[in-house]
Each structure stands twice: as structure tokens, then as C-alpha cells.
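Asks: One structure, as C-alpha cells, below. Some questions next.
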Amino acid sequence: MNKNINILIVFRIVRSFIAGYITVFLPLFLYNVLKLSLVEIGILFAIGALFQSILSFLVGYIGDKYNRKKLLFYISLLFPLSLIILYFSSNIYLLILSFVFGGFGTVGALAGGGVGAVVTPLIN
């Protein structure tokens, strides 16, 4: 099998594993640790879902136009960056930025292993 395909398979497996944890623990973290209200948590997830739709389209278009490998690498860095922002900040504006970068809010994509849903058009 092609080496690049093996890398993509491992990449997808790792992201799926992380998705399982995030799907369960992210709302609990927001509610119990950051003490956000249920309305604020819902707004964060809605913003994340909205922006993932827009960004997925843009990233897919840019990936078709330019080098997909490099773009996949750089876009993949957004997810760890979003987790760092999420962990170290309780500022609502930085949390919004974290949800936009991380793809949180796209629950179906999270369960399917598409954490950071922006990378899904490039992986597929």
C-alpha cells in the first residue's frame, strides 16, 4: 500500500480516538470547570458548527487549487492549537476562536472521526 495512504489511515485513527474523548469530556469541562451556562455552551457549539461549514468549503477549494499535502499539514495544526486555547483560557472570545479552529460543534463529524472537521475534505 502507498506510504501516504498509511499515513492518512493512522492520522484518521488518532483523530477518531481523540474524538471519542472530546465528545464526552468537552461539554463537561465547559460546564463543570469553566462554569459556563448551558446557553453559552450551546452558543459555542452552534458557532463551531457554523464556521466549520464555511471553512470546510474554503479549505476544500484551496486544497483543489494548491498543494493538498502541505495544506493538510498546516490545517491539522489548528486542532492542537484549539485545544491549547481551550485549556488555558476562560475568555469567551478565545473559546469561540478555539471552537472555530477545532471543529467543535460538528457532533456528527466528531463521532465519525472528523475532529477538526476542516481537514475532512482534504483527507477524503
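The values are calculated or read from the model by the stated rules, or taken from the named source; none is laboratory data. If you're wondering where the values come from, they're calculated on a predicted model, not measured in any experiment. For neighbour counting, all protein chains shown are included, and Cβ atoms are generated from backbone atoms with ideal geometry for every residue, glycine included. Side chains are part of the model used for accessible areas, which takes the heavy atoms of the whole protein and leaves out ligands, DNA and RNA. Shrake-Rupley method; radii C 1.70, N 1.55, O 1.52, S 1.80 Å.
Asks: Return the residues of the stretch 9-31 that are in contact with a helix residue (DSSP H, G or I) (Cβ under 6 Å, 6 or more places away or on another chain) and among the aliphatic types (A, V, I, L, M); say none if nothing qualifies.
Replies: If the condition is that a residue be in contact with a helix residue (DSSP H, G or I) (Cβ under 6 Å, 6 or more places away or on another chain) and among the aliphatic types (A, V, I, L, M), then Ala19, Leu30 are the ones that fit.
Asks: Could you tell me how many of the residues in the stretch 30-73 are in a helix (DSSP H, G or I), open to solvent by 100 Å² or more (accessible area, probe 1.4 Å) and of a type in the set (Ser, Thr, Tyr)?
Replies: Counting residues in the stretch 30-73 that are in a helix (DSSP H, G or I), open to solvent by 100 Å² or more (accessible area, probe 1.4 Å) and of a type in the set (Ser, Thr, Tyr) gives 2.
Asks: Can you report the number of residues in the stretch 14-26 which are open to solvent by 70 Å² or more (accessible area, probe 1.4 Å) and touching a residue at least 60 places away in the same chain (Cβ under 8 Å)?
Replies: At the first step, the residues of the stretch 14-26 found to be open to solvent by 70 Å² or more (accessible area, probe 1.4 Å) are 14, 17, 21, 24-25.
Then keep just the ones that are touching a residue at least 60 places away in the same chain (Cβ under 8 Å); that gives none.
Count: 0.
Asks: List, please: which pairs have Cβ atoms under 6 Å, are six or more places apart or on different chains, and start with a residue in the stretch 38-62 that is at pLDDT 85 or above and end with one that is buried (at least 17 other Cβ atoms within 10 Å of the Cβ) and outside any helix (DSSP H, G or I)?
Replies: Phe45/Gly105; Gly48/Phe104; Gly48/Gly105
Asks: Which numbered condition trips up Ile84, out of (1) at pLDDT below 90; (2) of a type in the set (A, V, I, L, M, F, W, C); (3) open to solvent by 80 Å² or more (accessible area, probe 1.4 Å)?
Replies: Checking Ile84 against (1) at pLDDT below 90; (2) of a type in the set (A, V, I, L, M, F, W, C); (3) open to solvent by 80 Å² or more (accessible area, probe 1.4 Å), the one that fails is (1).
Asks: Would you check which residues across the stretch 87-107 are of a type outside the set (Gly, Ala, Ser) and farther than 16 Å from Val118 by Cβ and list them?
Replies: Tyr87, Phe88, Asn91, Ile92, Tyr93, Leu94, Leu95
Asks: Please tell me if Leu97 is out of contact with any helix residue (DSSP H, G or I) (no Cβ under 7 Å at 6 or more places or on another chain) and modelled with pLDDT of 85 or more. Write out each step before concluding.
Replies: Values: out of contact with any helix residue (DSSP H, G or I) (no Cβ under 7 Å at 6 or more places or on another chain): no; modelled with pLDDT of 85 or more: yes.
For Leu97, the condition - out of contact with any helix residue (DSSP H, G or I) (no Cβ under 7 Å at 6 or more places or on another chain) and modelled with pLDDT of 85 or more - is not met.
Asks: If a residue must be over 16 Å from Phe51 (Cα atoms), under 10 Å from the mean Cα position of the chain (by Cα) and polar (S, T, N, Q), how many such residues does the stretch 77-92 contain?
Replies: Counting residues in the stretch 77-92 that are over 16 Å from Phe51 (Cα atoms), under 10 Å from the mean Cα position of the chain (by Cα) and polar (S, T, N, Q) gives 0.
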